[in-house]
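Below is one structure, written out as structure tokens; the observations come after it.
The values are calculated or read from the model by the stated rules, or taken from the named source; none is laboratory data. The structure displayed is predicted, hence computed values, not measured ones. Positions of Cβ are backbone-derived with ideal geometry, glycine not excepted, and every protein chain shown enters the neighbour counts. Protein only, heavy atoms only, side chains kept; ligands, DNA and RNA dropped before computing areas. Shrake-Rupley method; radii C 1.70, N 1.55, O 1.52, S 1.80 Å.
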Amino acid sequence: QVQFVESGGGLVQPGGSLRLSCTASGSIFRTSNIAWYRQAPGKEREFVAAINWSSNTISYADSVKGRFTISRDNAKNTLYLQMNGLKPEDTAVYLCKFPSLPWGQGTQVSVSS
């Protein structure tokens, strides 16, 4: 049974922007810190950004720092990743991660001219 779902991916040209969303059930969202990861074909899954419940502890991978912004709306049970200045190397399946749950399907982000 699907407990959360990522959305908002798509095809964008270099320099473009996308906003990803991860919406979860209330029980999952209330008890979890959340992170964004990404995985490109042939590459290991890598950490992108993380945020705690109160949004007072946020971290980013160096590769996305200054371009991506992670945020959450607890009232909407939704995690966001605003991605600006997208580069071809950002192309990957983006996945949200809850500490006690397996990986979901993710949402595809493709950056290409």
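Put ASP90, ASP73, ASP62 in order of accessible area, highest first, and with a 1.4 Å probe you get ASP62, ASP73, ASP90.
Straight-line cross-link reach from LYS43 at under 24 Å between alpha-carbon atoms covers these lysines, not counting any fewer than eight positions away in the same chain: LYS65, LYS87, LYS97. Measuring with a 1.4 angstrom probe and ignoring ligands and nucleic acids, SER100 comes out at about 110 Å² accessible. For the chain, the fraction of C-alpha pairs farther apart than 17 angstrom is 49 percent. Taking every protein chain into account, the 1.4 Å probe leaves LYS65 with about 120 Å² of accessible area, to the nearest ten.
Straight-line cross-link reach from LYS76 at under 16 Å between alpha-carbon atoms covers no lysines, not counting any fewer than eight positions away in the same chain.
Here the calculated FRET efficiency for ILE58 and SER100, from their Cβ-Cβ distance with R0 = 25 Å, stands at 0.75, rounded to the nearest 0.05.
For the chain, adding -39500 (n - 2.57) for each run of n ≥ 4 DSSP H residues and dividing by the number of residues yields -1000 deg cm²/dmol at 222 nm. Using heavy atoms of the protein chains and a probe of 1.4 Å, the accessible area assigned to SER112 is about 70 Å². Among beta bridges identified by DSSP and lying wholly in the chain, the antiparallel ones come to about 90 percent. Sequentially through the range 53-59, phi angles give Karplus couplings (6.51, -1.76, 1.60; θ = phi - 60°) of 4, 8, 6, 9, 10, 10, 9 Hz, Gly and Pro residues having no value and appearing as x. As a length-normalised measure over Cα pairs under 8 Å and 6 or more apart, the relative contact order of the range 19-113 settles at 31 percent.
With equal scatterers on the alpha carbons only and no solvent term, can you work out the Debye log10 of I(q)/I(0) for the range 1-66 at 0.13, 0.26, 0.28 1/Å? Result of the Debye calculation: -0.46, -1.38, -1.38.
Computed over protein heavy atoms with a 1.4 Å probe, the carbon and sulfur contribution to the accessible area of the chain reaches 48%.
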